[in-house]
1. At a Förster distance of 22 Å, what's the computed FRET efficiency of Lys80 paired with Glu207, Cβ-Cβ distance as r, to 0.05?
2. Going by the alpha-carbon gyration tensor, a ≥ b ≥ c the square roots of its eigenvalues, is the stretch 110-176 rounded (a/c under 1.5) or, if a/c is not under 1.5, prolate (a/b greater than b/c) versus oblate?
3. Provide the gained length on full extension for the span Glu23 to Glu219, in nm with one decimal, where the gain is 0.36 nm per separating residue minus the Cα-Cα distance.
4. Leaving out same-chain residues fewer than 8 places away, which lysines sit with a Cα under 17 Å from that of Lys203?
5. Quickly estimate the mean residue ellipticity at 222 nm for the chain, helices only: each DSSP H run with n ≥ 4 gives -39500 (n - 2.57), and the total goes over all residues, rounded to 500.
6. Arrange the peptides 84-95, 137-148, 114-125 so that the one whose residues have, on average, the most other Cβ atoms within 10 Å appears first.
7. Which entries of Lys339/Lys368; Lys20/Lys99; Lys5/Lys191; Lys112/Lys248 have Cα-Cα distances beyond 25 Å here?
8. For the chain, what's the relative contact order in percent, using C-alpha pairs closer than 8 Å and at least 6 residues apart?
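Coordinate-derived values only; no laboratory data. What you see is a predicted model, and the numbers here were worked out from it, not measured in a lab. All Cβ positions, glycine included, derive from the backbone under ideal geometry; neighbour counts span all protein chains shown.
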Amino acid sequence: MIADKFQKLTPSATLTINAKANELKEKGVNIVNFSAGEPDFNAPENVKQAAIQAVKENFSRYTAVPGILSLKEKIQQKLKEDNNLSYSVDEIVIANGAKQSLYNAVMVLCNKGDEVIIPCPYWVSYEAMVLLAEAKPIYTSNSSLKITPEEFENSVTEKTKAVFLNSPSNPTGLTYTKKELQELAEIAVKKNVFVISDEIYEKILFEGEHYSIASYNDEIKNRTITINGVSKSHSMTGYRIGYSASNKEIAGAMKKIQGHSTSNACSISQKAALASFDTSKEELKMQVEEFRKRRDFISKELKETKIKFFLPQGGFYFFLDISEIEKDSVKFCSELLEKKHVALVPGKAFGMESYARLSYPNTMENIKEGLKRLKEFIE
């Protein structure tokens, strides 16, 4: 009855764990939820006011499929100033969240049987998107938790169409340096491989600078789809505004697929996103500093356990190596939730067993309590 390609899909582990945690919470269980991947701050006040104003002005009709011009112009300006990338407004497509932008990219690039390189650990939906396109995921993995130029080159075959890059990364919080991205860019150009560059956590950065791989030269820019949005940077997850920047041929194809699936992103949300680009930088910086404070506290506490980890350079996740405690990540996370009422996401969901993801958009009180319970569970 159901199409074959859907048989390979599994539900999002992040959403599954979050749902289970919420179910227990509704029953009165005191849950410390480290599973959800969204900021715990409210959207900026100017964003909320812009949404209210859009409602009052009855800005409730269909917009152009790729978004309103004023928002695309703001994104165009942002890409130039922040990422050293020049795109025409015709090369920018606004979508219902960065997730739809990623999905659009995979759908327009991949034919049945094409191969897409997915470095492990990966965000849970990359694999599902490739499978839905009837392409084949090719996984790379090493102890650094980032794809190396050698791994990339050795993974490319005549069927390789694209590679995913995510910096800062979900689930590790690790970033790629300018040198690493240049080396990967040179291989992508040499091997004629497209790069799907997921930069949604760009603004939540604790060390170094953010680099967009497409800024290296025109050759790699032509082969890169840069994807971003306002969900993480401005705590606007529910507004569902993401965007992509790519060459005109790819952007044109993405407009077509979106035109036949969802049409435009919510008109009210587009007006709110437009305002987000004028949010005080100090307000956003304050949120990043709060994440840094939490990161540093968690790092200090985890060093007292058997858990190993890389210190996150951005985003708001720790990817915990639990191999000295339990190899089966699903078993570990299930028992932790049942016995200590702490929710983590199993590493299996990100393509790596013996790991678990801890998301720390939470109050310091909850973080302290959750880590206390985690220590008790390990001991």
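1. Working: r = 24 Å, r/R0 = 1.11.
The calculated FRET efficiency here is 0.35.
2. Numbers: a/c = 2.55, a/b = 1.39, b/c = 1.83.
Here the stretch 110-176 falls in the oblate category.
3. Between Glu23 and Glu219, full extension yields an extra 65.6 nm.
4. Lys74, Lys78, Lys80, Lys178, Lys232, Lys281, Lys285, Lys293
5. Details: 14 runs with 163 residues, N = 379.
Taken over the chain, the calculation gives -13000 deg cm²/dmol.
6. Values: 84-95: 19.4, 137-148: 16.0, 114-125: 21.9.
Highest mean packing first, the order is 114-125, 84-95, 137-148.
7. Listed pairs above 25 Å: Lys5/Lys191.
8. Computed value for the chain: 24 percent relative contact order.
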